[in-house]
Amino acid sequence: MAIRCLIVDDEPPAQRILERYIGDIPHMEMVGKVTHPSEALHVLQSEEVDLIFLDINLPQLSGLEFLKTVDRLPEIIITTAYPEYALDGFELNVLDYLVKPISFDRFMKAVSRIPGDEGRGEQIHAQNEDSEASNKRLSFTFIKSDGAIYRVDYEKILYIESDGDYVNIYLEDGHYYLRQTLKYWHDLLPEKDFFRVHKSFIVNLSKINEIVGNRIKMGDEVIPIGRNYKSDFLDRIDELM
């Protein structure tokens, strides 16, 4: 039996991404996409819905306010650019919390938590494994910055630096400052090419020029190697020698 999904998001790019992800999973189908909670209520009254992908920053009524005011909602996965609201969402018993931009493998991990019969769970798990493998073969991702969407090729990333709730992404030909976590990028980037060398840094192994003591030289940049990361990092370097 298909999982019937409703998207509640006022950003067309986010709607398109979720719609595409839903369409890539055989046992999921979209019953609607709306931009306002009042429209979501109308769909819920007229359609059978198993799962709502709910943005927080919505016009007039926020996603969290919607959760607090409406009884007997289906399963909820929150989708937002604001990770600081995660705790509030989980206190309201949401299924998962996805931070934009949403990668396909993270999307699959979220939907695999949907309660259901054992057979459907096994089907989702199998699809999840296939999708994660496919996603790992991708050589790029898309990010949203300054109101536009940009393609970022992994091979052009030099390193990524954490700055609290933000990250600096340093490329061969540019730089982006995004409201995301370093963990998000650690999970997204291919493991064979990138390594976390410090609590605040992920580096592209192919861009390293020199390793001296507890420092990595990448062109004119010097990246520290954290004490808790050094042993695993040097083991990884040994594998490449």
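Read the figures in this text as sums done on the coordinates, not as results from a lab. Predicted, not measured: the structure shown is a model, and the values here were computed from it. Because the Cβ atoms are built from the backbone with ideal geometry, glycine has one as well, and the counts that use them run over all protein chains shown.
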> Based on the alpha carbon coordinates of the chain, what radius of gyration and maximum Cα-Cα distance (Dmax) apply, in Å?
Replying inline: 20.0, 65
> Can you work out ³J(HN,Hα) from phi for every residue in the range 184-198, in order, using Karplus 6.51 cos²θ - 1.76 cosθ + 1.60 and θ = phi - 60°, giving whole Hz and x for Gly and Pro?
Replying inline: 4, 6, 4, 6, 7, 6, x, 4, 5, 10, 10, 9, 7, 9, 6
> Under a point spin-label approximation (7 Å from Cα along Cα-to-Cβ), what is the residue 93-residue 230 distance to one decimal in nm?
Replying inline: 5.0
> Relative to the longest principal axis of the chain, what angle (0 to 90°, nearest 10) does the C-alpha long axis of helix 118-136 take?
Replying inline: 40
> Along the range 160-177, what does the Karplus equation 6.51 cos²θ - 1.76 cosθ + 1.60 (θ = phi - 60°) give for ³J(HN,Hα), rounded to whole Hz, x for Gly and Pro?
Replying inline: 10, 10, 7, 9, x, 8, 10, 10, 9, 10, 9, 10, 4, 10, x, 7, 10, 10
> Restricting to the chain, what percent of DSSP beta bridges are antiparallel, rounded to 5?
Replying inline: 60
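Please sort by residue number the GluC sites (Glu not before Pro) in the range 180-239 whose DSSP state is loop and whose Cβ has at most 14 other Cβ atoms within 10 Å.
Within the range 180-239, the qualifying GluC sites (Glu not before Pro) (loop, at most 14 other Cβ atoms within 10 Å) are 191.
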> When we measure straight from the Cα of residue 100, which lysines land under 23 angstrom away, once same-chain ones fewer than 8 places off are left out?
Replying inline: 33, 68, 109, 136, 144, 156, 183, 199
> Taking only Cα atoms, what is the 0 to 90° angle, nearest 10, from helix 37-46's long axis to the longest principal axis of the chain?
Replying inline: 50
>> Only counting other Cβ atoms within 10 Å, I'd like 108, 1, 28 sorted with the fewest neighbours first.
In response: 1, 28, 108
> Roughly speaking, what is the stretch gain from residue 142 to residue 46, that is 0.36 nm per residue apart minus the C-alpha to C-alpha distance, in nm to one decimal?
Replying inline: 31.1 nm
> Can you sort 230, 68 so the residue with the fewest Cβ neighbours within 10 Å comes first?
Replying inline: 68, 230
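Given charges of +1 on the Cβ of Lys and Arg and -1 on the Cβ of Asp and Glu, with all other atoms neutral, how large is the dipole of the chain about its Cα centre, in debye to the nearest 20?
Magnitude of the dipole: close to 560 debye.
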> To the nearest 10 degrees, how steep is helix 227-240 against the longest Cα principal axis of the chain, on a 0 to 90 scale?
Replying inline: 80
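Could you compute the FRET efficiency for residue 166 and residue 187, with r as their C-beta to C-beta distance and R0 at 22 Å, rounded to 0.05?
Details: r = 17 Å, r/R0 = 0.77.
Step by step, r from the Cβ atoms, then E = 0.80.
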>> Counting only helical runs of four or more DSSP H residues, what would the 222 nm mean residue ellipticity of the chain come to if each run contributes -39,500 (n - 2.57) and the total is spread over all its residues?
In response: -10000 deg cm²/dmol
>> Taking amide H atoms as placed 1.01 Å from N in the peptide plane, list the residues 5 or more away in sequence, or in a different chain, whose amide H sits under 5 Å from that of residue 218.
In response: 209, 223
>> Spelling out what I want: for every residue of the range 5-20, take phi, set θ = phi - 60°, compute 6.51 cos²θ - 1.76 cosθ + 1.60 (Karplus), and round to whole Hz; glycine and proline get x.
In response: 10, 10, 9, 10, 7, 9, 10, x, x, 5, 4, 5, 5, 5, 4, 5
> Taking only the alpha carbons of the range 147-240, what extent do you get along each of the three principal axes, in Å, biggest first?
Replying inline: 41, 24, 23
